[in-house]
1. Note the full-extension length gain between ASP267 and ARG99 as 0.36 nm times their separation in residues minus their Cα-Cα distance, in nm to one decimal.
2. I need the phi-derived Karplus couplings for the range 542-558: 6.51 cos²θ - 1.76 cosθ + 1.60, θ = phi - 60°, integer Hz, Gly and Pro marked x.
3. Semi-axes, largest first, in whole Å: what does sqrt of 5 times each Cα gyration tensor eigenvalue give for the range 513-556?
4. Which of ARG289, ARG549 comes first, and how do the rest follow, when ranked by fewest Cβ neighbours within 10 Å?
5. Please order TYR474, TYR4 by the number of other Cβ within 10 Å, starting at the fewest.
6. Rank the residues LEU59, LEU517, LEU503, LEU475 as a footprinting-exposure proxy: fewest other Cβ atoms within 10 Å of their Cβ go first.
7. What FRET efficiency, computed as 1/(1 + (r/R0)^6) with R0 = 51 Å and r the Cβ-Cβ distance, is obtained for VAL27 and MET1, rounded to the nearest 0.05?
8. Once phi is turned into ³J(HN,Hα) by the Karplus curve 6.51 cos²θ - 1.76 cosθ + 1.60 with θ = phi - 60°, what whole-Hz value does each residue of the range 248-254 show in order, with x for glycine and proline?
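Each reported figure results from applying straightforward, stated rules to the coordinates on display, with no laboratory input. What you are looking at is a predicted structure, and each value in this text was computed from that prediction instead of being measured. For neighbour counting, all protein chains shown are included, and Cβ atoms are generated from backbone atoms with ideal geometry for every residue, glycine included.
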Amino acid sequence: MDTYQGIAASPGYAAGPVHAIRQRAIVPVRRTVRVSEVPDEIKRFGKAVEKARSGLRELIDRLASELGPEGSDILSSQLMILDDEMVWDATLAVIRLERINAEAAFGRTMGELAARFLEIEDETFRERVNDLRDVEQRVLRGFEDSDRPHLVSPDIPSVISARNLTPSDTALLGRNNVLGFVMDEGGNTSHVAILARSIGVPAIVGLKGRAVALKSGSQVAIDGTDGRLVTDPDQEILEKFILLTRQQVVVNQKLEHLKDVPAVTPDGHRVEMMANIELPVEVEEALARGAEGIGLLRTEYLFFQHQTIPTEDDQVRVYSEIVRRMDGRPVIFRTLDVGGDKVSDYLGAKREYNPFLGWRGIRFSLANRLLFKTQIKAIHRAGASGRIKLMFPMVTGLEELREARQVVAEALEELAAQGLEHDPDVPVGIMIETPSAVLAADILAAECDFFSIGTNDLIQYTLAMDRGNSRVSYLYRPLHPAILRSIRMTVEAGHRAGIPVGLCGEMGSETRLAEVLLGLGLDEISLHGAALPKVKQVIRWTDFTEAQRLVDELLKLGTADDADRWLAEYIAERKRQRERGDHE
């Protein structure tokens, strides 16, 4: 029996046999064709694409029937790749100019597109290469005459193991006999992770070779909440995980009643519970978990799902649909947060030596004023469909905020002149994610309508560590005194200015930190939908005054280790108290 640590991608527990998927990747063989054969190769390419498109549409219909129309959004984006003029033009150009077969020409085109994404250092966008590979393999299979399935579903309830799975493969497997997923590649923002959360099964990714080493029929236990894989578990572990699975079902059932009740402490303090959203498919999960709105809508994916800049109308369609689906609940749009770590050449930026300290966030947007203004106009037009707010990322000082607000003013003037329906009174806020923003929070608060603390970047910038660097990842400590003080300073500055302060980083999804965030005085917590009910429950059974005392005690401690130990003991004692209360 061995235990391995991966990345928690979808919460929950499962134990059972492995169903190993070892897919055959098609590698096109290049061959030269005569000039007279070029038209036939172009026809072959068109037929293969149409075959791929037909299969994808069938899968989309199936996924929509299982998860609702929104559940098919991920795969619908692949249809856009198939129809992208860049893909077609580049492939046809290679066939004609180099006189090679269609398979090799298409493979070349997709390889070049994937290379662009692989240059992006942010993991969220590197994972989108999986979409391109999915489309590529689907089209390459379209050149084959065989219709035999390339993927076999398990006959009995099993844990799926693979190096990686494409979004369409995950959708193809669906809920049928799938207890969970374990994969060597990917992150918790990959499409597979999102789909796993949507269908409600646990998933662990980033196992670095452990998943592909598993053999079909071998027994495993997986903890998708903590990212833990146990191979060949003994009877005691199996029984423990079976019990955890049952307890999770019971907990989820108990928490269902929280969906429509507010996060109010016993002594009357109210916290808004919002959801972080990247893809439209996540909206329904957020609503099902009781989200009161979207506290962070990442808009980058719309720009990176295919290799052209979306027009204003393209953005309006996507944004408006999300706003409509939230049915009057607020949606906070974060403007394009890209830069040296996240951009493709078509957005006009190049790879940088140190992208996290380079041309990114609001700096990039202000330097690309037309692109920025177009997005702002699209967001305000989406405001005609419901309640929205506008938020700027990576603001370090008042100059950037003022310049960004000037762009908003220009955008509103143009919308009025064009007679386009829009919301002219959208609240404007900023993300607090740099030490300079924390130290200048009182100055910034005077000229914006709300704050949202982005703890992921705030932690790495404050502690001078790259959260993607494994050598210094141990320094990523949410309970570091500097982090707790920074959050408290920001909240106090916002409240003195009379504006609300929220938090939208990963700290919000950690149940163990719920009392801490409550005690820091946040007005709003935005988190992953799956974590929302548990965090809400903690808030509902904790007095605000007690949470404040908790934070006061943590702030007296000198190290993150001391704070972690103190908090663990506090949570354990609270659990004992609740259990005693239940028995009395």
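1. Residue separation times 0.36 nm, minus the Cα-Cα distance, leaves 53.0 nm.
2. Couplings: 10, 5, 4, 5, 5, 5, 5, 5, 4, 5, 4, 5, 4, 6, 7, 7, x Hz.
3. Numbers: eigenvalues 75, 22, 14 Å².
The answer is 19, 10, 8 Å, longest axis first.
4. Working: ARG289 22, ARG549 12.
With the fewest neighbours first, ARG289, ARG549 line up as ARG549, ARG289.
5. TYR474, TYR4
6. LEU475, LEU59, LEU517, LEU503
7. Once the sixth-power term is evaluated, E becomes 0.85.
8. 4, 4, 5, 4, 4, 5, 5
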